[in-house]
1. Filter the range 138-152 down to residues that are crowded, with 17+ Cβ neighbours inside 10 Å and not hydroxyl-bearing (Ser, Thr, Tyr) and give me whichever is farthest from GLN247 (Cα to Cα).
2. In the range 205-244, which residue that is more than 15 Å from ILE159 (Cβ to Cβ) and acidic (Asp, Glu) is surrounded by the fewest Cβ atoms within 10 Å (Cβ to Cβ)?
3. Mind listing whichever residues of the range 169-204 are among the charged types (D, E, K, R) and surrounded by fewer than 17 Cβ atoms within 10 Å (Cβ to Cβ)?
4. Just to verify a result, which residue in the range 183-214, among those that are over 32 Å from the mean Cα position of the chain (by Cα) and among the small types (Gly, Ala, Ser), is modelled with the highest pLDDT?
5. Looking at (1) surrounded by 13 or more Cβ atoms within 10 Å (Cβ to Cβ); (2) at pLDDT below 80, can you tell me which one PRO32 breaks?
6. Which one is modelled with the lowest pLDDT, of the residues in the range 63-121 that are assigned to a loop (DSSP other than H, G, I, E, B), small (Gly, Ala, Ser) and closer than 16 Å to PRO32 by Cβ?
7. Among the numbered criteria (1) among the hydroxyl-bearing types (Ser, Thr, Tyr); (2) in contact with a Leu (Cβ under 8 Å, 6 or more places away or on another chain); (3) farther than 18 Å from ASN161 by Cβ, which single criterion is violated by SER198?
Amino acid sequence: MPRHKLLHTAYQLFAFALISIVPLISSETNRPPVFTQVLNNIVLEENAAVGTVVAQLQGYDPEGSNVTFGAIGSEHFEVDPITGVIKLIKPLDREEKDSLLFYVTIRDRVNPDGESEQDNIVQVPITIIVLDENDNPPEFQNTPYETDVNEDAAIGTTIFNQILVTDRDTIGESLDLKCLPQEQSPEACNKFRLEPLSREPTVLKAAVVLNDTLNYNQRMIYHFQIEATDGVHKSQTNFEVRVKDVQDKPPVFQGSLSAVIDEDSPIGTLVL
């Protein structure tokens with residue numbers, strides 16, 4: 001075979017091999033896009049307004065293709081596909097969920113004209129930690145509160161020990177109680193006092209203690225309100241004390257107990 005034909009044939013084979021190899025190399029080097037920041041726990045206050053920018057996703061494609069961003073599995077957040085900005089779109093409530101987990105995505109565009117099956121999509125988890133706010137009032141449990149007490153009960157007697165107050169918020173001042181007198185028995189808060197039995201950040205147990213002597217004949221029922229506060233919010237509940245009569249006085253004769261009777265009065269005669 002002449003030398004120039006041999007060279008021409010070799011060139012054709014080389015060109016064919018090159019054409020065959022190019023797609024293979026292109027396919028193997030279609031590497032997935034990469035996030036350029038660490039998406040660890042992100043902190044957000046529970047009273048954050050809708051529209052608050054939480055974070056901004058950043059990333060690139062190793063081949064230089066355009067990338068878009070997205071979110072999967074979240075009803076509280078949306079991601080701008082172009083800028084990667086994450087925004088809050090629904091109010092948060094830490095008492096319902098103290099953290100939110102969803103996935104953010106980055107996608108390369110192999111075809112500049114739009115999405116295709118050759119696009120690479122990378123998704124990574126992201127957790128939003130919801131910080132507590134003091135936005136709930138204290139709550140009385142086991143209501144209504146009422147009790148009976150003998151009128152001769154000693155001062156210092158615990159007449160009720162089932163007051164229970166809870167707070168859904170973990171921040172704010174410690175829980176406290178206060179007695180509020182009512183018009184029908186204005187002296188009630190002098191007759192009775194509130195004493196804490198145990199106190200935790202979100203739970204308070206207390207008792208009602210007799211602070212003064214009682215008299216059934218002076219008042220049979222006492223009404224007052226108990227107010228709970230966490231330093232910001234307040235709530236109230238009613239308390240009723242029923243005084244029970246005690247036989248604490250001897251009987252007393254009324255009128256004169258003197259009479260005159262004839263000595264010959266028959267048996268059965270009414271003397272007095």
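1. Of the residues in the range 138-152, the ones crowded, with 17+ Cβ neighbours inside 10 Å are 138, 140, 145, 149, 151.
With the extra rule that they be not hydroxyl-bearing (Ser, Thr, Tyr), the set shrinks to 138, 140, 149, 151.
On the way: PRO138: 42, PHE140: 36, VAL149: 14, GLU151: 10 Å.
Among those that are crowded, with 17+ Cβ neighbours inside 10 Å and not hydroxyl-bearing (Ser, Thr, Tyr), it is PRO138.
2. GLU227
3. Here is the first cut: in the range 169-204, the residues among the charged types (D, E, K, R) are 169, 173, 176, 178, 183, 187, 191, 193, 195, 199-200.
Residues satisfying the conditions are GLU173, LYS178, GLU183, GLU187, ARG193, GLU195, ARG199, GLU200.
4. ALA188
5. Only one criterion is unmet by PRO32, namely (2).
6. Let us first name the residues in the range 63-121 that are assigned to a loop (DSSP other than H, G, I, E, B), namely 63-66, 73-76, 80-84, 89-98, 109-120.
In the following step, the residues that additionally are small (Gly, Ala, Ser) were identified as 64-65, 73-74, 84, 114, 116.
Subsequent filtering for residues that are closer than 16 Å to PRO32 by Cβ retains 64-65, 116.
On the way: GLY64: 89, SER65: 89, SER116: 74.
It comes out as SER116.
7. Failed condition: (3).
Residue by residue, here is whether (1) within 30 Å of ASN47 (Cβ to Cβ); (2) of a type in the set (Ser, Thr, Tyr) holds:
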| position | (1), (2) |
| --- | --- |
| SER174 | yes, yes |
| CYS179 | no, no |
| PRO196 | yes, no |
| LYS205 | yes, no |
| SER235 | yes, yes |
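The values are calculated or read from the model by the stated rules, or taken from the named source; none is laboratory data. Not measured: the values here are computed from a predicted model. In this analysis, Cβ positions are derived from the backbone assuming ideal geometry, glycine residues included, and neighbour counts consider all displayed protein chains.
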